[in-house]
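First the structure, in the form of structure tokens, and then the observations on it.
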Amino acid sequence: MTMTPTPNPTPPPRIDVRLSSVILAVSGDCPHVVCVDDRGADALPFGPLEATADRTLELAVRRVVREQTGIELGYVEQLYTFGDLGRAPAPVPAGRVISIAYLALVREQDVAAQQSVTWRDCYALFPWEDWRAKRPDLLDQQIEPMLREWAGMNDTRRERTDIAFGLRGTPWDDSRALERYELLYEVGLVAEHFQDRQEPAERNLGRPMTLDHRRMVATALGRLRGKLAYRPVVFELVPSSFTLGRLQEVVEALGGRTLHKPNFRRLVEQSGLVEGTGEFETRTGGRPAELFRFRREVLRERPAPGVVPPAGR
């Protein structure tokens, strides 16, 4: 009797798990994100999860960042898991790539000496997000006309564009940075839209990044802006002692909007977020500015100690 050979079983799809990190610092009056080179393009620090060596995901992302940048992370939190099919240009055979992204905050003085990485201004990536001087001209000249044309008379599209970009009387919400980027991607106004389709870029607003890394930064920016209203995360970005002027500058840099100085000072002082150190910062040609520190006891006193009111224009 002739035996029919048993066909080789199809191997199960392979899943590659990687760790990515959005590392943010505020230098001067600009929020910056750490980038490394990926075949000539800006990329976030990223690397594979070592299945048997990395005890936890957080330890794994700290290892990846240390190996690629030399930065020892302090504050980190898990941001989001990115796993869309085909998100990597050269996917693993018969599988997909999943990236678990983390948000890390570092102080300006802790990274000043790092020469092995590039710090990109977040508003070079998302120029429509910076409202500190005025409403960006880019919105009126390019983005809004293209969105209106794309939406047409479709009620669902019109609602999405109105809510994301504050059109037709809808207030601008600072924390919707991801929704705005994803809408621009869908409409075809950013380079990644064309990269993913392996087509020449017809339009490109803002500085592109490799893969979906700009989407990760948009996710982090929106998350951080939302947290300013109910978590004291901004103190991870300033020195242990700081002036209230510097604290406001950092908050404005992250939020992309200018705050009323007396109101900001009153909110921070009356909320018990800070306490004076009894020391002063001397300035050339100006009055010495009092130095403050974060008052950690506030974490025990109330559940939502933020430094700005909920965003909205």
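The values are calculated or read from the model by the stated rules, or taken from the named source; none is laboratory data. Here the structure is a predicted model, which is why all the values come from computation and not from measurement. Every residue, glycine among them, receives a Cβ derived from its backbone with ideal geometry; neighbour counts consider all protein chains shown. The accessibility values were calculated without ligands, DNA or RNA, using every heavy atom of the protein model including side chains. Shrake-Rupley method; radii C 1.70, N 1.55, O 1.52, S 1.80 Å.
Remarks
- Annotation: residue 179 fulfils all but one of (1) assigned to a helix (DSSP H, G or I); (2) closer than 16 Å to residue 126 by Cβ; (3) open to solvent by less than 70 Å² (accessible area, probe 1.4 Å); the unmet one is (3).
- Annotation note: of 155, 173, the sole residue that is farther than 22 Å from residue 204 by Cβ and touching a residue at least 40 places away in the same chain (Cβ under 8 Å) is 173.
- Test: residue 216 is open to solvent by less than 10 Å² (accessible area, probe 1.4 Å), assigned to a loop (DSSP other than H, G, I, E, B) and within 13 Å of residue 87 (Cβ to Cβ): no
- A count restricted to region 60-92 and to residues that are open to solvent by less than 80 Å² (accessible area, probe 1.4 Å) and of a type outside the set (Val, Ile, Thr) stands at 17.
One line per residue, one yes/no per condition, for (1) farther than 30 Å from residue 99 by Cα; (2) open to solvent by less than 80 Å² (accessible area, probe 1.4 Å):
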site: 250; (1), (2): no, yes
site: 258; (1), (2): yes, no
site: 273; (1), (2): yes, yes
site: 291; (1), (2): yes, yes
site: 308; (1), (2): yes, yes
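- Total residues in region 222-246, condition more than 30 Å from residue 182 (Cα to Cα) and touching a helix residue (DSSP H, G or I) at 6+ places or on another chain (Cβ under 7 Å): 3
- Some residue of region 187-195 being in a loop (DSSP other than H, G, I, E, B) and on the phi < 0 side of the Ramachandran plot: yes
- Any hit, region 133-153, residues being among the basic types (Lys, Arg), closer than 19 Å to residue 255 by Cβ, part of a loop (DSSP other than H, G, I, E, B) and over 17 Å from the mean Cα position of the chain (by Cα): yes
- Some residue of region 223-240 being in a helix (DSSP H, G or I) and more than 26 Å from residue 42 (Cβ to Cβ): yes
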